[in-house]
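Reading through the structure tokens given below for one structure.
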Amino acid sequence: MSAPKTDLDKQEKRHRGPLRGMAVVVGFALLLLVGLLFWTSSNGNTPEGADTQIDARTGAEVPADSN
């Protein structure tokens with residue numbers, strides 16, 4: 001069944017505001033996501049090696065600064 005009274009121009013005008021509002025909210029959410037990604041990458045810790053490392057070829061302990 002189809003709707004009895006369809007006026008596409010009137011419906012387009014009525015939906016314009018809510019659609020723009022949804023687009024603004026999606027844009028704001030993307031902006032927050034980019035900000036979160038930037039913040040987490042800039043505040044991350046740099047990896048640190050162990051004081052001693054294991055040589056995979058021999059299995060012996062090697063001081064970290066000798067590599």
**Study point:** Identified option (computed Cα Rg over 2.2 N^0.38 Å; candidates (i) 1.86; (ii) 2.70; (iii) 1.05)
**Key:** (ii)
Review point. Relative to the longest principal axis of the chain, what angle (0 to 90°, nearest 10) does the C-alpha long axis of helix 8-42 take?
Key: 10
Study note, to complete from the structure: Two pseudo-spin positions, 7 Å from Cα along C-beta at VAL25 and at ARG57, lie apart in nanometres by 6.2
Practice item. Please work out how much length the chain gains when fully extended from SER41 to HIS15, using 0.36 nm per residue of separation minus the C-alpha to C-alpha distance, in nm with one decimal. Key: 5.4 nm
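Read the figures in this text as sums done on the coordinates, not as results from a lab. Just so it is clear, the structure is predicted and the values come from calculations on it, not from any experiment. As a convention, Cβ positions derive from the backbone with ideal geometry for all residues, glycine included, and neighbour counts pool all protein chains shown.
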